[in-house]
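These notes are about the structure you will find just below.
Every number in this text was worked out from the coordinates using simple rules, so none of it is lab data. None of these values were measured; they are calculated from a predicted model. Every residue, glycine as well, gets a Cβ built from its backbone with ideal geometry; the counts of neighbours run over all protein chains shown.
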């Protein structure tokens with residue numbers, strides 16, 4: 001009798017919930033569906049493996065269209081780098097199709113699709129050669145020999161660039177496996193630089209400056225390996241392939257990343273030291289010297305070497321307000337404070353003040 005009473009009790013609770021609560025839950029679901037539209041990220045499943053195979057196969061084909069668009073992207077990126085135009089460089093990144101075969105390599109390494117792997121490597125290799133040659137030829141035709149800040153910014157990669165490449169590779173792989181967010185792919189292309197570093201390699205060859213070419217190629221290699229590694233992990237976590245198949249590719253990527261990590265970590269360390277010195281020099285010059293008290297410091301550049309610091313300052317001041325003796329005193333003061341020999345160069349931009357008195 002007791003069991004019967006309990007059963008009836010729970011049956012009444014279930015009936016009450018179905019009668020009074022279920023309609024409210026249904027209303028909430030309908031409201032959420034009407035407000036969220038197609039944004040069902042909790043329910044969305046990855047693209048079927050057959051569809052993803054076809055998609056990556058299509059964007060990894062070494063076709064005329066691929067090389068034509070990549071050649072145009074290289075021309076645009078090279079001219080923009082020479083002209084120091086950030087906006088145009090971004091445009092070159094958007095139209096460059098180089099991300100396709102790289103993701104093809106990441107995916108094929110995960111699922112052991114050797115045919116796609118060979119095709120992607122072939123497309124990527126011909127694309128790299130085409131981009132470098134196009135950049136070299138464009139630079140030779142234009143005839144400019146100016147190393148712009150945009151060119152220099154792509155010749156000294158650090159671990160920060162590796163972090164960007166890892167995040168961009170994960171985003172690219174995820175976007176390719178989800179039809180609803182495929183529009184995010186142009187943003188991925190902008191986030192990670194592929195064509196601009198290769199263009200700088202070509203520019204460096206045209207300038208006969210190996211340091212430019214080597215630094216830019218290191219940046220490209222960092223981006224390439226970072227994208228492949230993180231892209232493979234994202235494909236793997238979405239059940240494309242398995243760890244046994246992906247093991248060789250992942251181990252190889254980790255091996256290459258460990259090799260690249262040494263120069264990247266050294267560059268990051270030098271960057272941190274340089275920023276620390278820059279901040280200290282700026283503070284010392286502005287607050288603890290009288291020489292530049294009545295001057296405006298427009299720019300401050302610092303190069304750190306093993307045996308000295310090269311400091312270049314551009315200031316706005318009267319031509320006769322600062323003497324050579326004062327510059328030498330400031331140099332000695334900075335050398336004592338920083339405990340390192342300093343070579344100081346001061347560029348004075350004359351300031352002429354014109355007044356119109358009241359009549």
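Observations on the structure shown:
- The stretch 228-279 shape via C-alpha gyration tensor axes, a/c threshold 1.5: prolate
- Extending 7 Å from the Cα toward the beta-carbon at both residue 237 and residue 94 defines two label points whose distance is 2.9 nm.
- If the chain linking residue 282 and residue 51 were pulled fully straight, counting 0.36 nm for each residue of separation and taking away their Cα-Cα distance, it would gain 77.5 nm.
- Amide N proximity, the stretch 118-160 versus residue 275 label position 7 Å along Cα-to-Cβ, cut-off under 18 Å: 153-160
- Taking other C-beta atoms within 10 Å as the exposure proxy, 201, 256, 192 rank 256, 192, 201 from fewest upward.
- Cα shape, the stretch 194-347, gyration tensor, a/c 1.5 rule: prolate
- Cα gyration tensor shape for the stretch 288-350, rounded if a/c is under 1.5, else prolate or oblate: prolate
- A simple spin-label model places pseudo-atoms 7 Å from Cα toward Cβ; at residue 314 and residue 347 they are separated by 0.4 nm.
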